[in-house]
Structure formats: C-alpha cells, structure tokens
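Notes follow the structure.
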Amino acid sequence: MKKNNNNKPRGLWRENLARILQIKDTPQKISLGFGLGIFLGIFPGSGPIGAVVLATLFRINRLSSLAGSLLTNTWLSLATIPIAIKIGSGLLGLHWQKVANDWTLFLREFHWSNILKLSLLKMALAPILGLIIIGLTAGIIGYLSLISTFLIIKKIRRVKQ
C-alpha cells in the first residue's frame, strides 16, 4: 500500500507537479500558463480569475495558469510588497522609507483628507513597478523551471526506450 504524503508540504508539491506534468497540452503552453499564473498571483487582487481569463485570451493552458496563480496568490504577494516598495522606489529615485511610511499612514489612519496630503502617484507607482519586476522575474523562473522539467523527463524517457 502506498503511503499518502498529502499532509507533508513536499508530498503535496510532488503530487501537484505530477498533475501539471500530466496535462494534455504542449509543454510550451503548459509552461507559459504556469509562468503567467505566477506573474499574476504576485499582484494582490488579480490572481486566479485573471490568470484563467488571460490564459484563455492568449490560448495557453488555463489549468497550469490557475496552478501558478494559486501557488503565489496572497501569501507571497504579502511578502513581496515591502520588497516591491524598495525596488520601485529605487527605480524612481525615491526614498523607500518615505513611501513605506506614507503607506503606513494611509492604511492606519485612513481619512479622505490624508489623500490630499500624500502623493498617491508616487505611493502607488513605486509598489506597482516593483511588483511588475518581481512578477516578471518569478514568472520567467517558473516558466524556465517547468519547461526544463519537461525536457529532462523527455530525455529520460528517450534513454529508457
């Protein structure tokens, strides 16, 4: 009898990877869907629905796009926001502490009058730019990792025959 590893994170990861690798589609479409899902999953609020809609529009694999989005959705986006603020602020030539403090003030003491006091363009542009950089990087890594896995499996299968 096979032991069920679903309660262990490593077992769950292996099982989900096996499911993705068994999807009936081209490796390119599956990997592109996965990379797109990872990219969108990093953006708060865009996640699974956006991944499936864009995968449908681009005619790439919807299931792998959904899987990539769920892999990075919410929990990773919360961890990446401070990093995104630093990256975006650096690219815009802003002090990241000022942008982070503006966000803290805005979220902690939300009043309509605070909107006029803060530079919303700078406040919004820095994290969005940072999230784009992080999302693109993570999406490309996800795509390359999955396409490499397909190529390795294909080579192993060829050697076994």
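Can we say F106 is assigned by TED's automatic domain parsing to the domain that holds I42 and not polar (S, T, N, Q)?
So F106 fails the test.
Go through the residues of segment 68-81 one by one and say whether even a single one is more than 20 Å from L144 (Cβ to Cβ) and modelled with pLDDT of 90 or more.
Going residue by residue through segment 68-81, those that are more than 20 Å from L144 (Cβ to Cβ) are 73-75, 77-79, 81.
After this cut, where a residue has to be modelled with pLDDT of 90 or more as well, the list is none.
Within segment 68-81 (the criterion being more than 20 Å from L144 (Cβ to Cβ) and modelled with pLDDT of 90 or more), the answer is no, since none of the residues qualifies.
Could you check G33 against (1) in contact (Cβ under 8 Å) with a residue 60 or more places away in the chain; (2) crowded, with 20+ Cβ neighbours inside 10 Å and say which number it fails?
(1)
So which residues in segment 47-74 are surrounded by fewer than 17 Cβ atoms within 10 Å (Cβ to Cβ) and within 10 Å of the chain's Cα centre (by Cα)?
Within segment 47-74, L70, T74 meet the criteria.
Tell me the residue from G130, G142 that is over 14 Å from G41 (Cβ atoms), surrounded by 16 or more Cβ atoms within 10 Å (Cβ to Cβ) and at pLDDT 90 or above, please.
Only one candidate qualifies: G130.
The values are calculated or read from the model by the stated rules, or taken from the named source; none is laboratory data. From a predicted model like this one, the values you see are computed outputs, not experimental measurements. Here the Cβ is made from the backbone with ideal geometry for all residues, glycine too, and neighbour counts use every protein chain on show.
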